[in-house]
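Some notes on the structure that comes next.
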Amino acid sequence: MKDNEKVAIVTGAARGIGREIARELMGLGMTVVAADVREDLLAALPEALGSPGERLVPRKLDVTNGEAFTALADELADKYGHLDVLVNNAGITRDGLLLRMEDADWELVLKVNLTSAFFGTRAAAKHMIRQRSGSIINMASYSGLEGNRGQANYSASKAGLIGLTKTTAKELAGRNVRCNAVAPGFIQTEMTDILPQLAKDMAMEQIPLKRFGQPADIARAVAFLASEASAYITGQVLSVDGGMHM
């Protein structure tokens, strides 16, 4: 299928990296279902993306609700006749040192970052298998590859996403359904803007390209993996981090 005929779901799409992914996929001509739990941000999304008309479909979705995710995938496959791309981008942080981390913070991060991707993958794969095509992209992280102090929950969730990616790729390859991950490094977003300057300085020291990434850097990588340009790529983790993970 041509990229400009595809239907894509992007979770966590109301701001930051998710919003840029939606923008980039629409730039390829895809119809993008921008899913997010924040209704207020979803309401402002069409204007933020230049009022793209029918190519943007904002939808409220709690990604931790497996039944809701399945219902959305079924609805889209029924409406459009196909579901072609899933970007599991939704994620949160609840940082804290391992010995001080509350059970609730561990469980919430794993649920939002990892379990939701399982729900989405299971819901979308059913339709992709039937149509014998599709691309699933999971948003991993440098922290999932290297670990990071104060982020036991986040690092574990992102490492888990890499394992989910590779298993999904192996299970679905026979039906021409691909699954890959993107692992961002330090990307300038609202989440990173609030970090202390010392933390930013320490991060910069680890980046060979000596600059922080932008959401558009990640969006372009996702768009590549969602498009037919990557038709022979599956089970891979693409680090977009200025060289941090070498």
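Pairing each residue of segment 160-182 that is over 14 Å from VAL87 (Cα atoms) and in contact (Cβ under 8 Å) with a residue 24 or more places away in the chain with any residue that is of a type in the set (Phe, Trp, Tyr) and crowded, with 19+ Cβ neighbours inside 10 Å, provided the two are 6+ apart or on different chains, yields no C-beta distance under 7 Å. Residues in segment 1-43 that are over 24 Å from PHE186 (Cα atoms) and in a helix (DSSP H, G or I): ASP3, ASN4, GLU5, MET26, GLY27, GLU39, ASP40, LEU42, ALA43.
Can you find a residue in segment 181-196 that is modelled with pLDDT under 95, in contact with a Pro (Cβ under 7 Å, 6 or more places away or on another chain) and either surrounded by fewer than 16 Cβ atoms within 10 Å (Cβ to Cβ) or part of a loop (DSSP other than H, G, I, E, B) (or both)? Yes, segment 181-196 contains a residue that is modelled with pLDDT under 95, in contact with a Pro (Cβ under 7 Å, 6 or more places away or on another chain) and either surrounded by fewer than 16 Cβ atoms within 10 Å (Cβ to Cβ) or part of a loop (DSSP other than H, G, I, E, B) (or both). Within segment 45-74, residues that are more than 23 Å from LYS126 (Cα to Cα) have Cβ atoms under 9 Å from residues that are of a type in the set (Lys, Arg) and in a helix (DSSP H, G or I) in these pairs: LEU45/ARG19; ALA48/ARG19; ALA48/ARG23; LEU49/ARG19; LEU49/ARG23; GLY50/ARG23; PRO52/ARG23, counting only partners at least 6 apart in sequence or on another chain. Restricting ALA90, ALA152 to residues that are buried (at least 18 other Cβ atoms within 10 Å of the Cβ), over 19 Å from the mean Cα position of the chain (by Cα) and hydrophobic (A, V, I, L, M, F, W, C) narrows the list to ALA152. If only residues of segment 197-246 that are outside any helix (DSSP H, G or I) and over 21 Å from GLY144 (Cβ atoms) are counted, the one that is farthest from the chain's Cα centre (by Cα) is LYS210.
Can you find even one residue in segment 66-85 that is part of a strand (DSSP E or B), crowded, with 24+ Cβ neighbours inside 10 Å, out of contact with any His (no Cβ under 6 Å at 6 or more places or on another chain) and of a type outside the set (Gly, Ala, Ser)? Checked against the condition, which is being part of a strand (DSSP E or B), crowded, with 24+ Cβ neighbours inside 10 Å, out of contact with any His (no Cβ under 6 Å at 6 or more places or on another chain) and of a type outside the set (Gly, Ala, Ser), segment 66-85 yields at least one hit.
Those residues that are under 26 Å from MET191 (Cβ atoms) and either of a type in the set (S, T, N, Q) or in a helix (DSSP H, G or I) (or both), I need them from segment 124-147; list them, please. ALA124, SER135, ASN138, SER141, TYR142, SER143, GLY144, LEU145, GLU146, listed by residue number. For segment 50-65, the count of residues that are touching a Ser or Thr at 6+ places or on another chain (Cβ under 8 Å), at pLDDT 95 or above and over 14 Å from VAL10 (Cα atoms) is at least one.
The values are calculated or read from the model by the stated rules, or taken from the named source; none is laboratory data. The model shown is predicted, which means the values in this text are computed figures rather than measured ones. Backbone-built Cβ (ideal geometry, glycine too); neighbour counts: all protein chains shown.
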